Every structure is written in C-alpha cells, then in structure tokens.
Amino acid sequence: METLDVKRGLIKNLSSEGGLAGVARKYFDNVQGQGDAFSGSHGIMSKISGEYNALGRLVVDVVNELPDFNDKEAMIVANQDRAKWNAFLEEATGYTSKQRSDKSKEWVKKASKAKSGINQARSFMEMATNLSDEIKAEAESLIGEIEAALEADDNTKAAGRAEKLGKLLG
C-alpha cells in the first residue's frame with residue numbers, strides 16, 4: 001500500500017470527470033467503483049485499488065504478477081503496463097514521478113522532525129530545573145497532539161506542533 005500527496009484542488013477538478021474511478025477507467029481494465037474509490041486490474045497488475053483519503057491523499061494498493069523474464073514480448077508488455085501505472089499516478093496526483101518521490105521524502109522528513117521534537121522536549125524537560133508546571137503541562141499537551149497527528153498519518157500537523165513545542169521550550 002502506498003500513500004501519495006495530491007496537488008491542491010485536483011480532487012475537486014477530477015470529480016467533474018467521474019473522480020478517481022473515472023481516471024482509472026482511462027488506464028485500467030475491469031474498473032469497479034465510482035467517485036473517489038475504485039478497484040480494477042490491468043496486465044501484470046492483477047489487483048489495483050485506490051481512493052482519496054480524508055487528508056486528501058491518494059492511497060493505492062497494487063498486486064503485481066511477475067512476467068516471464070525470458071520472454072522479450074512479455075517484458076515489453078510489462079514495461080507498457082508500468083508506463084500506464086505511472087501515467088495514471090501522474091493524472092491522479094498531479095505530480096510527476098520525480099515530484100512524487102520528492103513529496104514522499106518530504107512526508108517522511110516531517111514525521112522524523114516531529115518525533116525528534118518529542119525526544120528533544122522530553123530530554124530538555126528532564127534536565128531543566130526552572131520550568132514551571134504550567135509550561136510542562138502545555139508541553140505534554142503538545143506532545144500528545146503530535147503523537148495523535150503521527151498516529152493519524154498527518155505528518156504536516158505533527159511537524160507544525162513540534163515546531164511550536166520547540167519554541168515553547170526554547
């Protein structure tokens with residue numbers, strides 16, 4: 001399963017064209033579903049499913065069958081299927097393959113930054129002797145918000161709260 005960022009406003013634009021299912025029908029076979037969720041298949045991709053989640057991200061799952069690597073024709077078809085997959089992702093996210101890769105790295109960095117912020121805050125609170133109970137309580141509240149955001153896969157919110165936590169204790 002893979003979760004990808006989607007360009008702002010794209011989901012709304014695609015809804016007039018049948019949503020994510022409408023986009024999938026352009027690229028894949030046996031597409032079931034409507035609006036912002038679908039399932040289908042195509043070539044070596046024996047099962048494809050996708051939906052836009054509540055955070056406005058594309059969640060896709062694909063089961064690929066291995067082609068016969070000794071058969072040149074099978075490899076050509078497999079490469080064509082992969083090209084269709086990439087074209088679908090580009091239309092469904094609004095980002096090229098390189099941009100999707102960069103966005104994924106950025107998403108991971110945000111989570112890492114949030115987790116690091118929690119660790120730094122806890123270490124600082126253990127060592128600090130002059131922190132008021134009020135500031136400690138506010139810091140713990142922010143840590144709870146960060147952990148909840150990370151659990152909900154909202155790394156942007158988690159990173160923002162971590163930055164606020166750093167300013168509170170810094």
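Per-residue answers, yes or no, for (1) in contact (Cβ under 8 Å) with a residue 24 or more places away in the chain; (2) more than 30 Å from ASN86 (Cβ to Cβ); (3) touching a Leu at 6+ places or on another chain (Cβ under 7 Å); (4) assigned by TED's automatic domain parsing to the domain that holds LYS7:
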{"residue": "TRP107", "(1), (2), (3), (4)": "yes, no, no, no"}
{"residue": "LYS110", "(1), (2), (3), (4)": "yes, no, no, no"}
{"residue": "ALA114", "(1), (2), (3), (4)": "yes, yes, yes, no"}
{"residue": "ILE118", "(1), (2), (3), (4)": "yes, yes, no, no"}
{"residue": "ARG122", "(1), (2), (3), (4)": "no, yes, no, no"}
{"residue": "GLU126", "(1), (2), (3), (4)": "no, yes, no, no"}
{"residue": "ASN130", "(1), (2), (3), (4)": "no, yes, no, no"}
{"residue": "ALA137", "(1), (2), (3), (4)": "no, yes, no, no"}
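Across region 1-33, the number of residues qualifying as touching a strand residue (DSSP E or B) at 6+ places or on another chain (Cβ under 8 Å) and part of a helix (DSSP H, G or I) comes to 8.
Which one is surrounded by the most Cβ atoms within 10 Å (Cβ to Cβ) among residues in region 17-56 that are among the β-branched types (Val, Ile, Thr) and touching a residue at least 12 places away in the same chain (Cβ under 8 Å)? So the residue we want is ILE48.
The values are calculated or read from the model by the stated rules, or taken from the named source; none is laboratory data. Source: prediction; values computed, not measured. Glycine also receives a Cβ, built like all others from the backbone with ideal geometry; neighbour counts cover every protein chain displayed.
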